[in-house]
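Engineer: Okay, handing you the structure first.
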Amino acid sequence: MEYDIEYLPKAQVEYLEAYLWYEEQLAGLGSRFETAVERKLNRISKYPLLYPNKNKNLREATIDNFPFLIIYKVYPQNNVIFIYAIFHTSRRPGKKYGA
C-alpha cells in the first residue's frame, strides 16, 4: 500500500528554492534535482519505514547525487506521510528538526 505525500509549507519553499538554485547553476540541473527528489519520495511512499527514525518519529532519507535529506513523518492511521523539510546537509544540523 502506498502512502499519500503532503508537504508542510516550509518544505515546499525549501524544495522550490533548491530547484531554482540548481537550475540557475546549470540549465537542466534543477530538473535532475527534481527527478532525484521525486524518485526518493516514490520509494518513501512505498516503504515509509525503510529509512531511519532519527528524532521524535521523524525519519531521514538522503537524496541520491545531491547533498539533501528528506525529513518526514509517517501517519499510518491516515495513510499519509508529511514532508517536514528538504534539508541541505551543509546547514547546521539542529535546524533540520526546526531548531
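The values are calculated or read from the model by the stated rules, or taken from the named source; none is laboratory data. All values reported here derive from a predicted model rather than from experimental measurement. Using ideal geometry, Cβ is built from the backbone for each residue, glycine included, and neighbour counts are taken over all protein chains shown. Note: areas computed on protein heavy atoms with side chains; ligands, DNA, RNA excluded. Shrake-Rupley method; radii C 1.70, N 1.55, O 1.52, S 1.80 Å.
Engineer: Inside segment 10-99, counting only strands (runs of 3 or more DSSP E) that do not spill past its ends, which hold 2 or more residues that are of a type in the set (Gly, Ala, Ser)? Spell out the reasoning first.
Structural biologist: Working: elements: 53-55, 58-62, 68-75, 80-88.
Counting at least 2 such residues, we get no strands (runs of 3 or more DSSP E) at all.
Engineer: Against the condition in a helix (DSSP H, G or I), closer than 15 Å to Ile71 by Cβ and hydrophobic (A, V, I, L, M, F, W, C), how does Ile5 come out, does it pass?
Structural biologist: Spelling it out, it is not the case that Ile5 is in a helix (DSSP H, G or I), closer than 15 Å to Ile71 by Cβ and hydrophobic (A, V, I, L, M, F, W, C).
Engineer: So, one more: Quick one: Lys96 ticks every box in (1) surrounded by fewer than 15 Cβ atoms within 10 Å (Cβ to Cβ); (2) modelled with pLDDT under 95 bar one, so which box is it?
Structural biologist: Single failed check for Lys96: (1).
Engineer: For the condition open to solvent by 80 Å² or more (accessible area, probe 1.4 Å), modelled with pLDDT of 95 or more and farther than 16 Å from Ile5 by Cβ, what is the one hit in Glu23, Glu17?
Structural biologist: Glu17
Engineer: Right, another one. Would you pick out the residues in segment 26-57 that are aliphatic (A, V, I, L, M) and open to solvent by less than 20 Å² (accessible area, probe 1.4 Å)? Even if it seems obvious, please write down each step before you answer.
Structural biologist: Residues of segment 26-57 that are aliphatic (A, V, I, L, M), as a first pass: 26-27, 29, 36-37, 41, 44, 49-50.
If the condition is that a residue be aliphatic (A, V, I, L, M) and open to solvent by less than 20 Å² (accessible area, probe 1.4 Å), then Ala36, Val37, Leu41, Ile44 are the ones that fit.
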